[in-house]
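Data block below; observations after.
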Amino acid sequence: MSNSFSPQYSVPTIRLEFSIQLNYEVEQSDSDFIFSIHAAKTDYQILCNEYLNTNQNIDLIMYENPETYTRLLRLKAMPGALRLNYGGIVDLNHFSAPPNQIHEPPVADLPGSVISYLYPSRYCQSDSMRDIAIKQFGGLDHGYGRIQAICNWVCNHVRFQANSSTAHTTAIDTYLSKAGVCRDYAHLMIALCGALSIPARFVTGIDYGSDPILGPTDFHAYVEVYLDGRWYIFDPSGVAIPMGFLRICTGHDAADTAITSIFGAVLGSAPIISIRAIPNSSGRLELPMHITNGLSSDLDYRELANR
(Lines give C-alpha, C1' and ligand atoms only; values in the text may rest on other atoms or scores of the structure.)
Protein backbone atom coordinates (compact mmCIF):
# COMPACT_ATOMS: atom_id res chain seq x y z
CA MET A 1 0.00 0.00 0.00
CA SER A 2 1.25 3.46 -0.78
CA ASN A 3 2.45 5.59 2.12
CA SER A 4 0.24 8.58 1.33
CA PHE A 5 -3.44 9.00 0.60
CA SER A 6 -4.46 9.31 -3.06
CA PRO A 7 -5.27 12.98 -3.76
CA GLN A 8 -8.94 13.74 -4.33
CA TYR A 9 -10.10 15.26 -7.61
CA SER A 10 -13.26 17.34 -7.73
CA VAL A 11 -16.51 15.59 -8.61
CA PRO A 12 -19.74 17.61 -8.40
CA THR A 13 -22.36 16.70 -5.82
CA ILE A 14 -25.10 14.68 -7.50
CA ARG A 15 -28.53 14.68 -5.89
CA LEU A 16 -30.82 11.77 -6.73
CA GLU A 17 -34.50 11.36 -5.95
CA PHE A 18 -35.72 7.77 -5.96
CA SER A 19 -38.69 5.56 -5.14
CA ILE A 20 -39.24 1.81 -4.82
CA GLN A 21 -42.63 0.09 -4.71
CA LEU A 22 -42.92 -3.61 -3.86
CA ASN A 23 -46.19 -5.56 -4.13
CA TYR A 24 -47.00 -9.00 -2.73
CA GLU A 25 -49.98 -11.23 -2.09
CA VAL A 26 -49.54 -13.01 1.25
CA GLU A 27 -51.30 -16.37 1.22
CA GLN A 28 -50.77 -17.51 4.80
CA SER A 29 -50.43 -15.97 8.24
CA ASP A 30 -47.03 -15.71 9.91
CA SER A 31 -45.26 -14.87 6.65
CA ASP A 32 -41.95 -13.17 7.41
CA PHE A 33 -40.00 -10.79 5.19
CA ILE A 34 -36.49 -9.36 5.33
CA PHE A 35 -35.95 -6.49 2.92
CA SER A 36 -32.76 -4.74 1.86
CA ILE A 37 -34.13 -1.75 -0.01
CA HIS A 38 -32.92 1.16 2.12
CA ALA A 39 -30.23 3.48 0.77
CA ALA A 40 -26.90 2.95 2.54
CA LYS A 41 -25.69 5.87 4.64
CA THR A 42 -21.97 6.53 4.18
CA ASP A 43 -19.68 9.56 4.36
CA TYR A 44 -19.99 9.87 0.57
CA GLN A 45 -23.64 8.87 0.11
CA ILE A 46 -25.58 11.31 2.27
CA LEU A 47 -29.24 10.52 2.91
CA CYS A 48 -31.07 13.86 2.86
CA ASN A 49 -34.48 12.37 3.65
CA GLU A 50 -36.42 9.16 3.25
CA TYR A 51 -39.89 7.71 3.77
CA LEU A 52 -41.30 4.22 4.22
CA ASN A 53 -44.94 3.21 4.37
CA THR A 54 -46.96 0.03 4.02
CA ASN A 55 -50.65 -0.67 3.60
CA GLN A 56 -50.66 -3.07 6.57
CA ASN A 57 -50.64 -1.96 10.20
CA ILE A 58 -47.62 -4.04 11.25
CA ASP A 59 -44.36 -3.56 13.13
CA LEU A 60 -41.33 -2.53 11.04
CA ILE A 61 -37.97 -3.44 12.58
CA MET A 62 -34.69 -2.00 11.24
CA TYR A 63 -31.10 -3.22 11.58
CA GLU A 64 -27.89 -1.74 10.11
CA ASN A 65 -24.66 -3.65 9.46
CA PRO A 66 -21.91 -1.26 10.67
CA GLU A 67 -19.26 -2.72 8.32
CA THR A 68 -21.17 -2.71 5.02
CA TYR A 69 -23.78 -0.03 5.86
CA THR A 70 -26.47 -2.46 4.65
CA ARG A 71 -29.82 -1.64 6.28
CA LEU A 72 -32.29 -4.47 6.79
CA LEU A 73 -36.04 -4.17 7.32
CA ARG A 74 -37.86 -7.05 9.02
CA LEU A 75 -41.62 -7.52 9.24
CA LYS A 76 -44.32 -10.15 9.71
CA ALA A 77 -47.16 -9.66 7.24
CA MET A 78 -50.83 -10.51 7.51
CA PRO A 79 -52.68 -12.45 4.77
CA GLY A 80 -53.76 -10.38 1.80
CA ALA A 81 -52.12 -7.62 -0.21
CA LEU A 82 -48.83 -6.21 1.09
CA ARG A 83 -47.47 -3.03 -0.48
CA LEU A 84 -44.28 -1.23 0.53
CA ASN A 85 -43.37 2.24 -0.67
CA TYR A 86 -39.87 3.46 0.06
CA GLY A 87 -38.01 6.44 -1.31
CA GLY A 88 -36.02 9.54 -0.58
CA ILE A 89 -33.24 11.84 -1.71
CA VAL A 90 -29.49 11.19 -1.52
CA ASP A 91 -26.43 13.31 -2.23
CA LEU A 92 -23.48 11.50 -3.84
CA ASN A 93 -20.11 13.10 -3.06
CA HIS A 94 -17.66 10.70 -4.65
CA PHE A 95 -13.98 10.46 -3.91
CA SER A 96 -12.11 10.47 -7.22
CA ALA A 97 -8.47 9.93 -8.20
CA PRO A 98 -6.49 9.31 -11.43
CA PRO A 99 -5.95 5.62 -12.25
CA ASN A 100 -2.13 5.92 -12.13
CA GLN A 101 -2.36 7.06 -8.49
CA ILE A 102 -4.52 4.14 -7.31
CA HIS A 103 -2.47 1.12 -6.26
CA GLU A 104 -3.09 -2.51 -5.34
CA PRO A 105 -2.20 -3.14 -1.68
CA PRO A 106 -0.28 -6.30 -0.76
CA VAL A 107 -2.30 -8.87 1.19
CA ALA A 108 -0.17 -8.21 4.27
CA ASP A 109 -1.48 -4.61 4.40
CA LEU A 110 -5.19 -5.42 4.13
CA PRO A 111 -7.41 -4.44 7.08
CA GLY A 112 -8.90 -7.41 8.90
CA SER A 113 -12.44 -6.59 7.75
CA VAL A 114 -11.33 -6.78 4.09
CA ILE A 115 -9.62 -10.19 4.21
CA SER A 116 -12.82 -12.24 3.82
CA TYR A 117 -13.31 -10.72 0.36
CA LEU A 118 -10.25 -12.65 -0.84
CA TYR A 119 -11.97 -16.00 -0.31
CA PRO A 120 -14.16 -18.04 -2.67
CA SER A 121 -17.90 -17.76 -2.11
CA ARG A 122 -21.03 -19.58 -3.23
CA TYR A 123 -21.26 -17.77 -6.57
CA CYS A 124 -17.66 -16.59 -7.00
CA GLN A 125 -15.38 -19.66 -7.10
CA SER A 126 -12.13 -17.74 -7.33
CA ASP A 127 -10.08 -20.81 -6.39
CA SER A 128 -11.28 -22.57 -9.56
CA MET A 129 -10.50 -19.59 -11.80
CA ARG A 130 -6.90 -18.99 -10.82
CA ASP A 131 -5.37 -20.39 -14.03
CA ILE A 132 -7.75 -18.36 -16.19
CA ALA A 133 -7.07 -15.16 -14.24
CA ILE A 134 -3.29 -15.55 -14.33
CA LYS A 135 -3.33 -16.31 -18.06
CA GLN A 136 -5.44 -13.25 -18.88
CA PHE A 137 -4.20 -10.69 -16.35
CA GLY A 138 -1.18 -12.05 -14.50
CA GLY A 139 1.29 -10.21 -16.75
CA LEU A 140 -0.32 -6.78 -16.37
CA ASP A 141 1.11 -4.07 -14.12
CA HIS A 142 -0.59 -4.04 -10.75
CA GLY A 143 -2.96 -1.18 -9.96
CA TYR A 144 -6.23 0.38 -11.04
CA GLY A 145 -5.40 -0.24 -14.71
CA ARG A 146 -5.30 -4.00 -14.16
CA ILE A 147 -8.70 -3.93 -12.44
CA GLN A 148 -10.15 -1.88 -15.29
CA ALA A 149 -8.73 -4.44 -17.72
CA ILE A 150 -10.54 -7.22 -15.84
CA CYS A 151 -13.75 -5.17 -15.89
CA ASN A 152 -13.45 -4.53 -19.64
CA TRP A 153 -12.65 -8.17 -20.37
CA VAL A 154 -15.74 -9.37 -18.50
CA CYS A 155 -17.88 -6.79 -20.30
CA ASN A 156 -16.61 -8.03 -23.67
CA HIS A 157 -16.63 -11.74 -22.78
CA VAL A 158 -20.27 -11.85 -21.60
CA ARG A 159 -23.36 -10.99 -23.67
CA PHE A 160 -26.15 -9.23 -21.79
CA GLN A 161 -29.19 -11.47 -22.15
CA ALA A 162 -32.31 -11.33 -19.99
CA ASN A 163 -33.47 -14.63 -18.45
CA SER A 164 -30.20 -16.33 -19.41
CA SER A 165 -29.33 -17.30 -15.84
CA THR A 166 -31.01 -18.51 -12.67
CA ALA A 167 -30.55 -18.16 -8.93
CA HIS A 168 -28.07 -21.03 -9.16
CA THR A 169 -25.80 -19.57 -11.89
CA THR A 170 -22.19 -19.13 -10.72
CA ALA A 171 -19.20 -17.22 -12.07
CA ILE A 172 -17.89 -20.39 -13.73
CA ASP A 173 -21.28 -20.96 -15.40
CA THR A 174 -21.19 -17.41 -16.76
CA TYR A 175 -17.61 -17.78 -17.96
CA LEU A 176 -18.60 -20.90 -19.92
CA SER A 177 -21.96 -19.70 -21.27
CA LYS A 178 -20.75 -16.16 -22.07
CA ALA A 179 -24.22 -14.79 -21.32
CA GLY A 180 -25.91 -13.29 -18.29
CA VAL A 181 -27.36 -10.28 -16.53
CA CYS A 182 -25.72 -7.73 -14.24
CA ARG A 183 -25.35 -10.09 -11.25
CA ASP A 184 -23.56 -12.63 -13.48
CA TYR A 185 -21.10 -10.03 -14.76
CA ALA A 186 -20.42 -8.98 -11.18
CA HIS A 187 -19.86 -12.56 -9.98
CA LEU A 188 -17.39 -13.26 -12.79
CA MET A 189 -15.38 -10.10 -12.14
CA ILE A 190 -15.26 -10.78 -8.39
CA ALA A 191 -14.08 -14.35 -8.98
CA LEU A 192 -11.29 -13.19 -11.31
CA CYS A 193 -10.17 -10.53 -8.83
CA GLY A 194 -10.18 -13.02 -5.97
CA ALA A 195 -8.11 -15.44 -8.04
CA LEU A 196 -5.44 -12.72 -8.23
CA SER A 197 -5.59 -11.97 -4.46
CA ILE A 198 -7.49 -8.73 -5.06
CA PRO A 199 -10.40 -8.10 -2.64
CA ALA A 200 -13.65 -7.49 -4.49
CA ARG A 201 -17.25 -7.39 -3.32
CA PHE A 202 -20.81 -7.44 -4.67
CA VAL A 203 -23.04 -4.38 -4.42
CA THR A 204 -26.73 -3.96 -5.19
CA GLY A 205 -28.04 -0.53 -6.08
CA ILE A 206 -30.28 1.19 -8.62
CA ASP A 207 -29.24 1.41 -12.26
CA TYR A 208 -29.37 5.12 -13.02
CA GLY A 209 -28.62 5.83 -16.67
CA SER A 210 -29.17 2.35 -18.09
CA ASP A 211 -30.24 2.00 -21.71
CA PRO A 212 -34.09 2.09 -21.90
CA ILE A 213 -33.92 -0.77 -24.41
CA LEU A 214 -33.08 -3.03 -21.44
CA GLY A 215 -36.48 -2.33 -19.88
CA PRO A 216 -37.79 -0.35 -16.89
CA THR A 217 -35.44 0.95 -14.19
CA ASP A 218 -34.44 -1.92 -11.92
CA PHE A 219 -32.07 -2.92 -9.16
CA HIS A 220 -28.51 -3.24 -10.44
CA ALA A 221 -25.53 -5.34 -9.36
CA TYR A 222 -22.00 -3.95 -9.63
CA VAL A 223 -18.55 -4.45 -8.10
CA GLU A 224 -16.35 -2.62 -5.62
CA VAL A 225 -12.63 -3.43 -5.50
CA TYR A 226 -10.38 -2.58 -2.55
CA LEU A 227 -7.47 -0.42 -3.75
CA ASP A 228 -5.29 2.06 -1.86
CA GLY A 229 -7.46 2.01 1.25
CA ARG A 230 -10.82 2.46 -0.50
CA TRP A 231 -13.49 0.44 -2.26
CA TYR A 232 -13.61 1.65 -5.89
CA ILE A 233 -16.66 1.23 -8.12
CA PHE A 234 -16.67 -0.88 -11.31
CA ASP A 235 -19.57 -1.85 -13.56
CA PRO A 236 -18.55 -4.90 -15.62
CA SER A 237 -21.97 -5.06 -17.33
CA GLY A 238 -21.40 -1.59 -18.80
CA VAL A 239 -25.14 -0.87 -18.91
CA ALA A 240 -25.34 2.03 -16.44
CA ILE A 241 -23.37 5.04 -15.16
CA PRO A 242 -21.27 4.34 -12.03
CA MET A 243 -21.36 7.97 -10.94
CA GLY A 244 -25.14 7.58 -10.59
CA PHE A 245 -25.24 4.35 -8.60
CA LEU A 246 -27.36 4.57 -5.47
CA ARG A 247 -25.82 2.01 -3.12
CA ILE A 248 -28.18 -0.26 -1.16
CA CYS A 249 -26.54 -3.45 0.09
CA THR A 250 -23.08 -5.01 0.02
CA GLY A 251 -21.69 -8.53 0.43
CA HIS A 252 -19.50 -11.29 -0.96
CA ASP A 253 -22.00 -12.20 -3.69
CA ALA A 254 -25.72 -12.22 -4.43
CA ALA A 255 -26.36 -14.60 -1.53
CA ASP A 256 -25.51 -11.75 0.87
CA THR A 257 -27.48 -9.04 -0.89
CA ALA A 258 -30.99 -10.29 -1.58
CA ILE A 259 -33.45 -7.43 -1.96
CA THR A 260 -36.20 -9.58 -0.44
CA SER A 261 -36.03 -12.78 1.60
CA ILE A 262 -39.45 -14.40 2.11
CA PHE A 263 -40.40 -17.04 4.65
CA GLY A 264 -43.92 -18.24 3.90
CA ALA A 265 -46.41 -18.63 1.03
CA VAL A 266 -46.22 -15.36 -0.91
CA LEU A 267 -46.72 -14.26 -4.52
CA GLY A 268 -44.84 -11.23 -5.80
CA SER A 269 -44.57 -8.99 -8.86
CA ALA A 270 -41.80 -6.95 -10.44
CA PRO A 271 -40.66 -3.92 -8.43
CA ILE A 272 -41.61 -0.44 -9.62
CA ILE A 273 -38.53 1.81 -9.37
CA SER A 274 -37.80 5.36 -10.37
CA ILE A 275 -34.66 7.46 -10.00
CA ARG A 276 -33.78 10.89 -11.34
CA ALA A 277 -31.23 13.64 -10.81
CA ILE A 278 -32.54 16.84 -9.26
CA PRO A 279 -30.86 20.18 -8.39
CA ASN A 280 -28.43 19.87 -5.49
CA SER A 281 -28.19 22.15 -2.44
CA SER A 282 -26.41 24.75 -4.60
CA GLY A 283 -29.30 24.75 -7.05
CA ARG A 284 -27.26 23.04 -9.77
CA LEU A 285 -28.54 20.05 -11.71
CA GLU A 286 -25.49 17.79 -12.00
CA LEU A 287 -26.04 14.70 -14.15
CA PRO A 288 -23.99 11.52 -13.60
CA MET A 289 -21.51 10.93 -16.39
CA HIS A 290 -18.84 8.45 -17.37
CA ILE A 291 -15.29 9.44 -16.35
CA THR A 292 -11.90 7.72 -16.54
CA ASN A 293 -10.88 8.52 -12.96
CA GLY A 294 -11.51 6.01 -10.21
CA LEU A 295 -14.66 6.60 -8.15
CA SER A 296 -15.35 5.61 -4.56
CA SER A 297 -18.37 6.21 -2.33
CA ASP A 298 -16.77 4.69 0.77
CA LEU A 299 -14.54 6.08 3.49
CA ASP A 300 -10.78 5.51 3.31
CA TYR A 301 -9.99 2.82 5.88
CA ARG A 302 -6.90 4.76 6.94
CA GLU A 303 -9.05 7.80 7.68
CA LEU A 304 -11.39 5.55 9.65
CA ALA A 305 -8.48 4.27 11.73
CA ASN A 306 -7.56 7.85 12.65
CA ARG A 307 -11.05 8.72 13.93
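The values are calculated or read from the model by the stated rules, or taken from the named source; none is laboratory data. Owing to the predicted nature of the structure, the values given are computational and were not obtained by experimental measurement. Cβ sites come from the backbone with ideal geometry, for glycine too, and all protein chains shown count toward neighbours.
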Review point. In region 197-270, which strands (runs of 3 or more DSSP E) lie fully inside it and hold 1 or more residues that are among the aliphatic types (A, V, I, L, M) and farther than 24 Å from His142 by Cβ?
Key: 200-206, 219-227, 246-251, 260-263, 266-268
Check your understanding: Of the conditions (1) closer than 17 Å to His94 by Cβ; (2) surrounded by 12 or more Cβ atoms within 10 Å (Cβ to Cβ); (3) at pLDDT below 95, Gly268 fails just one. Which one is it?
Key -> (1)
Check your understanding: Going through region 10-59 one residue at a time, which ones are of a type outside the set (Val, Ile, Thr), assigned to a loop (DSSP other than H, G, I, E, B), exposed (fewer than 14 other Cβ atoms within 10 Å of the Cβ) and out of contact with any Pro (no Cβ under 7 Å at 6 or more places or on another chain)?
Key -> Ser10, Asp30, Asn55, Asn57, Asp59
Review point. Which one of Ala81, Ala108, Ala133 is loosely packed, with under 15 Cβ neighbours inside 10 Å, aliphatic (A, V, I, L, M) and either free of Cβ contacts under 8 Å to residues at least 12 places away in the same chain or under 27 Å from Asn293 (Cβ atoms) (or both)?
Key: Ala108
Exercise for review: Identify all residues within region 78-113 that are of a type in the set (A, V, I, L, M, F, W, C) and part of a strand (DSSP E or B); write none if there are none.
Suggested key: Ala81, Leu82, Leu84, Ile89, Val90, Leu92, Phe95, Ala97
Check your understanding: How many residues does region 111-130 contain that are surrounded by 17 or more Cβ atoms within 10 Å (Cβ to Cβ) and within 21 Å of the chain's Cα centre (by Cα)?
Key -> 9
Review point. Do we find a residue being in contact (Cβ under 8 Å) with a residue 60 or more places away in the chain, under 24 Å from Asp91 (Cα atoms) and over 16 Å from the mean Cα position of the chain (by Cα) anywhere in region 229-249?
Key: yes
Check your understanding: What about Leu75, is it in a loop (DSSP other than H, G, I, E, B), over 21 Å from the mean Cα position of the chain (by Cα) and at pLDDT 95 or above?
Key -> no
Exercise for review: Test Ile190 against the criterion of being modelled with pLDDT under 95 and in a helix (DSSP H, G or I), and give yes or no.
Suggested key: no
Point to revise | Residues that are more than 23 Å from Arg83 (Cα to Cα) and among the hydroxyl-bearing types (Ser, Thr, Tyr), drawn from region 13-55 | key: Thr13, Thr42, Tyr44
Review point. Within region 157-164, is there a residue that is in contact (Cβ under 8 Å) with a residue 40 or more places away in the chain, part of a strand (DSSP E or B) and over 22 Å from Leu92 (Cα atoms)?
Key: yes
Review point. Is one or more of the residues making up region 186-195 within 30 Å of Ser19 (Cα to Cα), in contact with a Phe, Trp or Tyr (Cβ under 8 Å, 6 or more places away or on another chain), buried (at least 19 other Cβ atoms within 10 Å of the Cβ) and without any contact (Cβ under 8 Å) to a residue 40 or more places away in the chain?
Key: no
Practice item. Inspect all residues belonging to region 167-177 and state whether any of them is over 22 Å from Ser261 (Cα atoms), in contact (Cβ under 8 Å) with a residue 40 or more places away in the chain and surrounded by fewer than 24 Cβ atoms within 10 Å (Cβ to Cβ). Key: yes
Check your understanding: Could you count how many residues in region 256-272 are under 19 Å from Ile206 (Cα atoms) and either without any contact (Cβ under 8 Å) to a residue 60 or more places away in the chain or of a type outside the set (Gly, Ala, Ser) (or both)?
Key -> 7
